[in-house]
1. For the stretch 56-248, what's the relative contact order in percent, using C-alpha pairs closer than 8 Å and at least 6 residues apart?
2. Residue by residue through the stretch 138-155, what is 3J(HN,Hα) from phi via Karplus (6.51 cos²θ - 1.76 cosθ + 1.60, θ = phi - 60°)? Round to whole Hz and write x for glycine and proline.
3. Determine ³J(HN,Hα), in whole Hz, for all residues of the stretch 229-234 in sequence, where each value follows from phi through the Karplus function 6.51 cos²θ - 1.76 cosθ + 1.60 and θ = phi - 60°; x replaces Gly and Pro.
4. From the phi angles alone, apply the Karplus equation (6.51, -1.76, 1.60; θ = phi - 60°) to the stretch 173-187 and give each ³J(HN,Hα) in whole Hz, x where the residue is Gly or Pro.
5. Which semi-axis lengths, in whole Å and largest first, follow from the square roots of five times the eigenvalues of the Cα gyration tensor of the stretch 56-248?
6. For M129, what residues show an amide H to amide H distance below 5 Å, using hydrogens built from the backbone and excluding near sequence neighbours?
7. Using a Förster radius of 41 Å, what is the FRET efficiency between A142 and T95 based on their Cβ-Cβ separation? Nearest 0.05, please.
Amino acid sequence: MSAKEKPMLVLHRRVLLASVTGLAAAGLLRAAPVAMAADAVPFTLPPLPYAADANEPHIDAQTMLLHHDKHHAAYVTNLNKALAEYPQVAALGLTGMFAKLGELPEGVRTAVRNQGGGHANHSMFWTIMGGKGGSPSGDLAAAIDRDLGGLPALQAAFNKMGLGVFGSGWVFVTVSREGKLALVAKPNQDTPVSDGGRVLMGNDVWEHAYYLKYQNRRADYLAAWWNVLDWSRIAARYDAAKAGTLDV
């Protein structure tokens, strides 16, 4: 090696060392491949907060069981598998991972977006149902009137947006820290949390959410879904958003 080449090699080593140090400081460096114990998985499937037939006749029990026990469970299992060698990423939690999605290691980024998104979206989805529909009240009703033109206008715009989702996806009502509401649709299992937003409520328009009962009649499913909402739980999410404590 010539004297001219040696300083350049030292410089390259310094640059490499600095890069590795920076990744470690950010907590995103891939850990040594160590198998994660079965009882130490970072994410678990939350139980349904009501009986599987609680949403009958609008959403049948068989759909609820398949949707929760099979589809949602698969998102959780696949997310944990993907994160087995990335404990630093898993330690961020769902909201933290979505906030840093573009910075995550390439080897796990897609899994967090798809599997983590599926886990986050469904975890929200179960909690806002199990009710008897009706209408919101209090601050939430006032916000819907102010930002979305009232409940009938919200339902019409929401259902239209749901019908407009090509293929699989979700329709959401997002909520800001100030309590402002907005409508947004996302493809696949994408979530507004990745954009820095928070979800007040949302409906799953993947076919697995409705096909056993409604077949290809997505419009009928969207219309029926309003009859199973629990507005008290949605109001609690609204209050949490304004308090800065709403997660996914």
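Quick note: the coordinates plus some simple rules give every number you see, no bench work behind them. Just so it is clear, the model here is predicted, and its values are computed rather than measured. Here the Cβ positions follow ideal geometry from the backbone for every residue, glycine too, while neighbour counts run over all protein chains shown.
1. The normalised contact order for the stretch 56-248 reaches 28 percent.
2. x, 4, 5, 4, 5, 5, 5, 4, 5, 9, 10, x, x, 4, x, 5, 4, 4
3. 6, 10, 5, 5, 6, 5
4. 9, 9, 9, 8, 4, 7, x, 7, 9, 8, 9, 8, 10, 9, x
5. In descending order the semi-axes read 27, 21, 14 Å.
6. Excluding prolines and chain starts, which carry no amide H, the hits are D230.
7. Approximately 0.95, to the nearest 0.05.
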